[in-house]
Amino acid sequence: MGQQQLLLLVLSAVIVGLAIVVGINMFGENATQANQDAVVQDVLTIASRAQAWYRRPTMMGGGGRSFNNVTLDTLQFTPSNANGSYSITSADTSATVNGTGTEGVQVSVIVFPDSIGTPTITVQ
């Protein structure tokens, strides 16, 4: 009877250990997905602000129908936050917004005057 109880105790310890490992793995996957979603949202926010800046006349602090000289500072967006770090590069008729998440997620989107491209997501 003592050996049977000891065997059940060891078996239950193994099952609990496996459950903990599976739970930790699931938590890590959810953290990566949550970071990806947050970085995509931030990149799209920057893209939307860039379009508004493009349309705003230069006399009102905008781009005057040009993406030239647009920066994160002019869009009132910090280069980094809890989700990741961001950058924007511009040409006359388009801008590219890049974001790198804290979980290794990279998101890039091209902004045009009348549309925003589909985000390109790379997970490392």
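The values are calculated or read from the model by the stated rules, or taken from the named source; none is laboratory data. Quantities reported herein were computed from a predicted structural model and do not represent experimental measurements. All Cβ positions, even for glycine, are placed from backbone atoms using ideal geometry, and neighbour counts span all protein chains on display.
Could you tell me which numbered condition residue 76 fails, if it satisfies all but one of (1) in a loop (DSSP other than H, G, I, E, B); (2) more than 18 Å from residue 107 (Cα to Cα); (3) free of Cβ contacts under 8 Å to residues at least 24 places away in the same chain; (4) out of contact with any helix residue (DSSP H, G or I) (no Cβ under 7 Å at 6 or more places or on another chain)?
Checking residue 76 against (1) in a loop (DSSP other than H, G, I, E, B); (2) more than 18 Å from residue 107 (Cα to Cα); (3) free of Cβ contacts under 8 Å to residues at least 24 places away in the same chain; (4) out of contact with any helix residue (DSSP H, G or I) (no Cβ under 7 Å at 6 or more places or on another chain), the one that fails is (3).
Considering only residues that are at pLDDT 95 or above and aliphatic (A, V, I, L, M), look in the range 63-106 and name the one that is surrounded by the most Cβ atoms within 10 Å (Cβ to Cβ).
Here the answer is 97.
For residue 69, work out the one condition from (1) on the phi < 0 side of the Ramachandran plot; (2) not in a strand (DSSP E or B) it doesn't fulfil.
The single condition residue 69 does not satisfy is (1).
Consider residue 16 against the criteria (1) part of a helix (DSSP H, G or I); (2) in contact with a helix residue (DSSP H, G or I) (Cβ under 9 Å, 6 or more places away or on another chain); (3) among the aliphatic types (A, V, I, L, M): it satisfies all of them except one. Which criterion is unmet?
(2)
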